[in-house]
1. Could you list, in sequence order, the residues of the range 121-135 that are outside any strand (DSSP E or B) and within 21 Å of G231 (Cβ to Cβ)?
2. Return yes or no: is Y156 aromatic (F, W, Y), surrounded by 18 or more Cβ atoms within 10 Å (Cβ to Cβ) and in contact (Cβ under 8 Å) with a residue 24 or more places away in the chain?
3. Tell me, please, whether a residue that is free of Cβ contacts under 8 Å to residues at least 60 places away in the same chain, closer than 25 Å to L144 by Cβ, open to solvent by 60 Å² or more (accessible area, probe 1.4 Å) and in contact with a helix residue (DSSP H, G or I) (Cβ under 6 Å, 6 or more places away or on another chain) can be found in the range 68-75.
4. Restricting the range 121-137 to residues that are open to solvent by 20 Å² or more (accessible area, probe 1.4 Å) and free of Cβ contacts under 8 Å to residues at least 60 places away in the same chain, which is farthest from Y194 (Cα to Cα)?
5. Restricting the range 247-283 to residues that are modelled with pLDDT of 80 or more and of a type in the set (S, T, Y), which is farthest from N124 (Cα to Cα)?
6. Tell me which residues, restricted to the range 88-115, are within 15 Å of L153 (Cβ to Cβ) and either open to solvent by 70 Å² or more (accessible area, probe 1.4 Å) or in contact with a Ser or Thr (Cβ under 7 Å, 6 or more places away or on another chain) (or both).
7. Considering only residues of the range 263-286 that are part of a loop (DSSP other than H, G, I, E, B) and under 22 Å from S166 (Cβ atoms), which is most open to solvent (accessible area, probe 1.4 Å)?
8. Consider Q118 against the criteria (1) open to solvent by less than 20 Å² (accessible area, probe 1.4 Å); (2) in a loop (DSSP other than H, G, I, E, B); (3) not basic (K, R): it satisfies all of them except one. Which criterion is unmet?
Amino acid sequence: MLVALGLLTSFFSFLYVVAPSIRKFFAGGVCRTNVQLPGKVVVITGANTGIGKETARELARRGARVYIACRDVLKGESAASEIRADTKNSQVLVRKLDLSDTKSIRAFAEGFLAEEKQLHVLINNAGVMMCPYSKTADGFETHLGVNHLGHFLLTYLLLERLKVSSPARVVNVSSVAHHVGKIRFHDLQSEKRYSRGFAYCHSKLANVLFTRELAKRLQGTGVTTYAVHPGVVRSELVRHSSLLCLLWRLFSPFVKTAREGAQTSLHCALAEGLEPLSGKYFSDCKRTWVSPRARNNKTAERLWNVSCELLGIQWE
């Protein structure tokens, strides 16, 4: 008994000593560029909380005019007020955007285009994860509709403003979960078979494929695009899974903070010299490996065409 107690005490003492090193390792990469953004305009979806909020905070600190585009305007205003006080930048604005409703997306884009003549960075950050089966206002499965189709439409509506503001960037927040995803064209809306976990993975693969095809179509425009994996982050994204919420608490030393999770988005939005890497996938502030499915050009092109059909748009 005494031996076991001694071993247990030694183990916890060891953890206490090495915990800072473990925490530093799992914190991941850091955006190290000193680029400042006075006069630049940024739109970030879902920036009222989590990674998006910390991304907005840092871009505001660098002098950008930041639009927090979110469904919950009250939470957005609270976040904006906090960021304005923290950064001393009054140009942090909140606008209503519900990515589960194409009417809301179009209304946001119409209002933004009437308000702003330039757009230098669009960060498609918002998302849902492991929701029970449901459909958006337009009848799309929620993960596909919010995580992929909503941002696909938003980017389409804002693209001309990005082009006239070039050099400009589009950053799509994906996930390492894309490695498990598949684009099942025969059951894109998961009506025949649905898994909350796999539906999220499928939508994150769609983000990477969208980035890949978008980069190809943007060549020569001065607009570049990047997909990012933020890491395993403590955020509200896991709220639909009690198991993940528990795991995140138990393994908190190995989970990134929202500020740490924002670093790769910031890197892709700001770092100099990334233009040749348009369409690539980043993690911990560096280009990293994607799944074979995410490199399939035929799938990327077909998904693009199907997305246009579902949304009723023509995007050449």
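The values are calculated or read from the model by the stated rules, or taken from the named source; none is laboratory data. Computed from a prediction, not measured in an experiment: that's the story for all the values here. Note: ideal-geometry Cβ built from the backbone for every residue, glycine included; neighbour counts use all protein chains shown. Note: areas computed on protein heavy atoms with side chains; ligands, DNA, RNA excluded. Shrake-Rupley method; radii C 1.70, N 1.55, O 1.52, S 1.80 Å.
1. N125, A126, G127, V128, M129, M130
2. Yes; evaluated as a whole, the condition is true for this residue.
3. Among the residues of the range 68-75, not one is free of Cβ contacts under 8 Å to residues at least 60 places away in the same chain, closer than 25 Å to L144 by Cβ, open to solvent by 60 Å² or more (accessible area, probe 1.4 Å) and in contact with a helix residue (DSSP H, G or I) (Cβ under 6 Å, 6 or more places away or on another chain), which makes the answer no.
4. Looking at residues that are open to solvent by 20 Å² or more (accessible area, probe 1.4 Å) and free of Cβ contacts under 8 Å to residues at least 60 places away in the same chain, I get A137.
5. By that ranking, first place goes to T257.
6. Across the range 88-115, the qualifying residues are L97, D98, L99, S100, D101, K103, R106, E110.
7. Top of the filtered list is E272.
8. Single failed check for Q118: (1).
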